[in-house]
Amino acid sequence: MSRAFRDPTDGQQTRPGRQALLVLAHLRRGDTYARLTAGLRVGIATVYRYIREAVDLLAALAPTLAQAMQTIRKKAYVILDGTLLPVDRTAADRPYYSRKKHHGMNVRVLADPPGGLMWVSDALPGGTHDLTAARTHGILAALAADVIKCWADKAYQGAGSAIRVPFRGKHLRGWRRRHNRDHANIRSLGERAMVILKSWRLLRKLRCSTTRITGTVRAVAALEFAS
């Protein structure tokens, strides 16, 4: 953020560090514009402007899938998972209503074997099926092109040879049952990436326009990778 804003209480210009604090408080703690206005004693229009500016700058720094694949190629395998980011929507907004009975935005995540976050996708309406989302983002094609092994859940049945999925059925026996148990143990490590993402409290309940959510997610990803 190249410019400094003025604190109306003392007429002094606020340094970039304080601007960064404002943005981090919003992303990490989920503080609202009104709360930030009261806490930092700046106008709400200023808060809005600087958060939007910082989010756009950070979002541009987040790695694309092609960039992430340069690191992913060095891994033994990756874990594909996703999450629903809750949004403040009404029941009439059907595209955002997921099978989990919540309104939200669908985000796909690639994690390394220990569960570290490697890449986060753009956000799609919550009603988008996981397999459709993976195809839309080009994840399946990218993994298949580099012959990278990937573990995923049952929602990715039919995704192709690059994606390892468990067997369907409730009463499996023998080697199929053991396969599903081992598969679940590997894939469960991907939950760590979800925890990392949701540690940014703003993503637990988004109240902004759905057109701004991709930028917010990418900004969080950029900060997480930078750390």
Inset, instruction - Averaging sequence separations of C-alpha pairs under 8 Å and six or more residues apart, then dividing by the length of the stretch 15-80, give the relative contact order as a whole percent. - result: 23
Inset, instruction - Find the eigenvalues of the gyration tensor of the Cα atoms of the stretch 135-185, then list the square roots of 5 times those eigenvalues as equivalent ellipsoid semi-axes, largest first, in whole angstrom. - result: 24, 11, 8
Legend entry - Rg(Cα)/(2.2 N^0.38 Å) for the chain, N = residue count: 1.16
Inset, instruction - Keeping all protein chains in place, calculate the accessible area per residue for the chain (probe 1.4 angstrom), answer in Å². - result: 54
Legend entry - Cα-based equivalent ellipsoid, the stretch 103-193: semi-axes from gyration tensor eigenvalues, Å: 23, 15, 14
Legend entry - the chain: relative contact order in percent, alpha carbon pairs under 8 Å with at least 6 residues between: 24
Legend entry - Percent carbon-and-sulfur accessible area, the chain, ignoring ligands, DNA and RNA, probe 1.4 Å: 52
Inset, instruction - Can you quote the Å³ per residue value for the convex hull of the Cα atoms in the stretch 149-218, rounded to an integer? - result: 139
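The values are calculated or read from the model by the stated rules, or taken from the named source; none is laboratory data. Keep in mind that what you see is a predicted model, and the values were worked out from it rather than measured. To get the accessible areas, we keep the full protein, side chains included, count just its heavy atoms, and leave off ligands, DNA and RNA. Shrake-Rupley method; radii C 1.70, N 1.55, O 1.52, S 1.80 Å.
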